[in-house]
Structure formats: structure tokens, C-alpha cells
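The values are calculated or read from the model by the stated rules, or taken from the named source; none is laboratory data. This is a predicted model, so every value here is computed, not measured. Note that we place each Cβ from the backbone using ideal geometry, even for glycine, and neighbour counts take in every protein chain shown.
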Amino acid sequence: MRLRLTVLLVLSAAGLSAAAPTATPAAALPFKAGFAERDITPDIGMEQPGGYGKSYHRTFHDACKVRAAVFDDGRKRVAVVGIDLLFITRALVQEARTEIEKRTGIPREAILIGASHSHSSGPIGMGEPGDYENGPPLIRELALEKSTASDPGYTQLLRRQLVEAVVQAHASRVEAKLAAGFGHEDKVAFNRRLRMKNGLTYSHPGQGNPDMLGYAAPIDPQVGTIGVWDLQNRLLGVLVNFSCHATTNPGGISANWIGAMQRILRGATDNAALPVVFLQGACGDVTQVDNLSPFQRPLPEEWYERVGGRVGAEAFKTLLLIRQGAGRDIPLYTRQRVWKVRRRAPAAEKVARALELVRQPPAKVGATEWTFAKETVLLDHLLKVRPEVEVEVQVIQIGPVALVSNPAEYFVQYGLDIKRGSKFPFTFPVELANGIVGYVPTEEALGPGGGGYETRLTSYSNLEVSAGRQFADTGIALANEMTPGPVPQPPPAPPFTAPWAYGNVPPELR
């Protein structure tokens, strides 16, 4: 496999003040880092999220975890958390942040909590507390009995384990050095939206469909990788950022392909307990399914191994390259913006028709038509309860790395735009972080030639058309308020003195 890596870096234990993005410290302080993980594996029989209806776990495949990294430059501390979960609600994030700040002193705005989007994880519903519980009987039935719903006991487990992971990571900080870089993997992720002969764009139109013209949008093949070592060169933990839906679903409860990725990294580094904090990239329209492939699709277990294996192997190759050299400073800094975004509203006649349909059996109406009708009714209720949605765009700087996060299931083009607009040498877009606002497609996808189920108006996909651009522009602006940490270069080659005697000779034929 061809390896294409960006010029990479290693950063030493020296830290830099982050009181302001451009501040210069009077004296270097030790850089510290700590990692921890906690189990959040759901029980057999709990709901399996990821669809618009009910599904339940019947078997176990591999564990789901929450993994935390805490970084400390001597003046500022930040926490970065990856959780094996479909998404995380805003209410749960705020509760966890409050307790983490109380127990560690890490400021709320310096805590990033990102979900992996595992479709084989624990029960978490699409709504926030209060969205549906006090609605009329029909709304409660559609939201709680006909849709994925959060399990209150499991939600408490999530909050407790999330907090404990950060607290443990904070307590385990040691002097450390850090390295970051990009690997390249373009064989396991594909844009699921394809242009059709009728001028529209469909999601997963089906292999062999003669009306497909080609992919409607790109992918992001970069495997963002951060490695952290102690001063004895022992690997403490790894952060990985990659854009691909966690929908390999190997059978039963699972962290999805992220579990296979971690296993590969643990085996390759000979560290059976290595924490791997995964941060999902912008993948609202990217999955492991190649609709243009002429070959039969892999079985779920093979998909799980293929995606996780290749991403994990690429991250490991990046670690091998970036560990060379020496560096200096690792400044930490955080910026965030919180504001309200409006929902799009369905037409009154559409709501009236949907109410008629949901009162009929799905078998009579048709499963797809009934599901979209249910979603229209739920959205109409949400507009009465929460016509605007609170959103947070957060940027966390770790040396020359910018983690630019938002709470959307975010289309990949926006992630690429953020990378292009950021002045940081290493920019990791992070979706499904610090809350959940559902699908946020591009303006093009919502236009005349667009389409696909992500663009349908539902209780999960409903923000105003410009929302995605707002997120991208805000993330770029916040990142560019900061000054990237230095990217150390290897020592220069010694001055040329004379050619190598054995190598600088002409050929001989006899």
C-alpha cells in the first residue's frame, strides 16, 4: 500500500503559556499528559440505536468504552474524550462537564466530548430531555415507543463513566512528549451519495443501479494521528481522527470498526492496554459501502476488520515516522462559540397528511412513507418545544494541532473546507461533539440537484440550510485566532565535503 504522509513532528516535554494565543512564557514548564478508559458496554436486550425505529441487542461482540486524554502545559489543562456511542446529547455533555470541572478544575470550555457514531453501541435517543415526555399521547407513543429512546439507567452509567475516565486521566498525568501527523487511507471509505441520471442525488442507490453516474461528493482520506510518550519513550496513548460512519455492525454489541482499530494499534505497539481516543471526522455522507463496486459486499465481520485494520495500520505507520526528531513547545488553548440555530418547518398540509398516515398501520402505508410521516409529526411538535437549537463550535489547540468540533452529523465537504481554511498544519475536524443536532448537509445537497434521506425534513435533520456553513466559518475563524505551536524539523544535514568514494565511480564492463 502506498504510504503518503505529511511531514510530521515530535514535541518535547516543554510547555508554552496559553493565557493568550500569542503569549510568550517567561519560563518553560513541563508538559504533562494522562489517559484513562472506562467501560460503557450496554446489556443484552437494550436498544440498539442508529435507525428510525426500534431494534434490540441480542448478542455481544466487543466492548464499548469511553476514553479520555488530559493535557497540561503548566498553565492550562484540556480534556479530550472519545466515546463509543451513536451520539451524545447536549444535556449529558453539560452534566458531565459540570462534574468534571468540580472534581478536576478543568474549565467546561476546555472539555471536548466526541461520539464515535457506533451503530452497534448503547441506547441513546435522538431527543433532549423535555422534548417529548410532556407531549400529547400520540407524540409520546411515536417518540418513546416507535423510535429509539434513551435508557435512563444507561444514561446515568454514561455520565458516571465519562466523568471517572477524565478524573482518572487527570490524576495519571506524567511529563510527556507529543507527536502528530497525517496518514492516508482511501480504500475503506466511500461517499454514499451518488448523482443519478434524473438530475438528483440519492443515498445508497444500490449496487448495479444503471442510473448512477458517479459519486456526488468526496471523502477525506487523512488519518489524523497524535501519539503521546512519557520521557522514557513508553507510549501512553494515541488520538485518531478519521471520517467514516461506524456502520460495519459486526454482529451484536460493539464499538464497531473503532474496536478493531484499537486492537490493531495495541498489537502493533505491543501494549495490550493502550488507550486509543477516537474522534470521528466529518462523515455525515461517508460510509464503508462502495455503491459503485462490481463485487459482492463483504460480510459485516470482514467489514469491521477491514476498516478498523487499515485505519489502525495507517495510524501505526504514522506513529513510526513521527517519533523521529525532537521538538520544543506544546501550547494549549481553547476557543468556543455557542449560539442558536433555527429549525426548518414542514408545510401545514404536510403535517396534516402525516397525522393521517401515522394513525394507520405501517404495513398499510408502507414502512418508508410511515417513518417519514412519523418524523414530520415529531418535528412539528419539536418546533413548538424548541424552535431553535443550541449549538457549540469548539476549537482545542494542542501544539500545532487544532481540533475543530461541532455537534452535527456533518457532511465531509465542510470538513475539507475547515482543513483548507485553517492555518494550522494539522487540523482535525470532529463531528458529533458536545451535543447532537442531526444531519447537517451542504447547501448544494439541499438544492435542486440534491437529495438523499439525509436531506429529508425529519426530527433529526432540520436545521436551517446555512447551518453547515455557519459551523465551518465559525470553526475556521476560532482556529485562526490561535497561533499554531512550532513544528520541529530534523537537524540539517552536515555540509557537503566530498562524495562517497565507493559510490562515485563509473561502470565497468570488463
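Quick rundown of the values:
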item: Residue in the range 310-325 that is surrounded by 24 or more Cβ atoms within 10 Å (Cβ to Cβ), within 23 Å of residue 120 (Cα to Cα) and among the acidic types (Asp, Glu) present; result: no
item: Failed item, numbered, when residue 321 is tested on (1) under 21 Å from the mean Cα position of the chain (by Cα); (2) modelled with pLDDT under 95; result: (1)
item: Lone unmet requirement of (1) at pLDDT below 95; (2) in contact with a Leu (Cβ under 6 Å, 6 or more places away or on another chain) for residue 212; result: (1)
item: Selection count where residues are exposed (fewer than 14 other Cβ atoms within 10 Å of the Cβ) and charged (D, E, K, R), scope the range 27-72; result: 3
item: Segments classed as strands (runs of 3 or more DSSP E), wholly inside the range 342-437, with at least 3 members that are not charged (D, E, K, R); result: 388-398, 401-405, 426-430
item: Qualifying residue in the range 277-289 (condition: among the aliphatic types (A, V, I, L, M), over 26 Å from residue 217 (Cβ atoms) and without any contact (Cβ under 8 Å) to a residue 24 or more places away in the chain); result: no
item: Only one of 399, 435, 447 that is without any contact (Cβ under 8 Å) to a residue 12 or more places away in the chain and not hydrophobic (A, V, I, L, M, F, W, C); result: 447
item: Any hit, the range 120-130, residues being out of contact with any strand residue (DSSP E or B) (no Cβ under 7 Å at 6 or more places or on another chain), modelled with pLDDT of 95 or more and either outside the structural domain of residue 410 (by TED's automatic domain parsing) or loosely packed, with under 15 Cβ neighbours inside 10 Å (or both); result: no
item: Conditions (1) among the charged types (D, E, K, R); (2) over 29 Å from residue 394 (Cβ atoms); (3) surrounded by fewer than 17 Cβ atoms within 10 Å (Cβ to Cβ); (4) touching a helix residue (DSSP H, G or I) at 6+ places or on another chain (Cβ under 6 Å): number failed by residue 353; result: (4)
item: Count of residues meeting criterion [within 21 Å of the chain's Cα centre (by Cα) and either surrounded by fewer than 18 Cβ atoms within 10 Å (Cβ to Cβ) or not polar (S, T, N, Q) (or both)] in the range 137-156; result: 0
item: Which listed residue, of 369, 375, 392, is touching a strand residue (DSSP E or B) at 6+ places or on another chain (Cβ under 9 Å) and of a type in the set (Asp, Glu); result: 392
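So that you can scan it fast, the table gives a plain yes or no per residue for (1) buried (at least 24 other Cβ atoms within 10 Å of the Cβ); (2) over 13 Å from residue 462 (Cβ atoms):
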residue	(1), (2)
363	no, yes
370	no, yes
379	no, no
398	yes, yes
408	yes, no
